[in-house]
Amino acid sequence: MERVYVDFASSDNPPIMQQPSTQIVLLSNTNKAYEISFDKKFTKLTVLVEFKGKPTGWSLHIADEKSSDGHGGASGSLPAMENCAELQILDETMTIWSKALGAGIVDPLVKKELSLTDGSMKFVIQNQFISWGHGYEILQTPNSKLIFNNQSNDRKIYVGFNRVVAGAGATNRTGTGIIRAIITLE
């Protein structure tokens, strides 16, 4: 397995992951977002994060639309918003939002209070499938197709560490807590 180490504090242009089994390791408490590109040979994205202290604000944000800025949905209009499922950790609350069901209409599918102080958590994203935690909780929507679609033509997932994917500037949606992350694309 090939590993790519990235120091988030000194990397202004994070890599776009396109290699199978590539890993990016986050080594500092900064805020960066990554684009992970799928093609037909990739079926699974794994994100393992480690927290130092109690996380505050937006510590993790995973979305399938680059304009996603938290709380479900994305800026823009349909059909651009059709891929806008999101998983977010805000303080110690994890919420998973559906894709847009119409202009401004999304469903919170999971809301879970977590205890993340000095802990770690693993997330697996596959087509219409999310698992999280050490007890392997899952959410699947194979028929309604409400969550991450990595079988569309534009197969990308975006991951924001200590910030939302769309950028922290305009929304001020940043956070602290994640000090290390391993991203694996298989």
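The values are calculated or read from the model by the stated rules, or taken from the named source; none is laboratory data. Keep in mind it's a predicted model, so treat the numbers as computed, not measured. A quick note on method: Cβ atoms are made from the backbone with ideal geometry, for glycine too, and the neighbour counts reach across all protein chains shown.
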Problem set entry | Flag if ALA33 is under 21 Å from THR141 (Cβ atoms), at pLDDT below 85, surrounded by fewer than 21 Cβ atoms within 10 Å (Cβ to Cβ) and hydrophobic (A, V, I, L, M, F, W, C) | no
Problem set entry | Matching strands (runs of 3 or more DSSP E) fully within the stretch 96-186 where at least 2 residues are at negative phi, loosely packed, with under 14 Cβ neighbours inside 10 Å and at pLDDT below 90 | 137-140
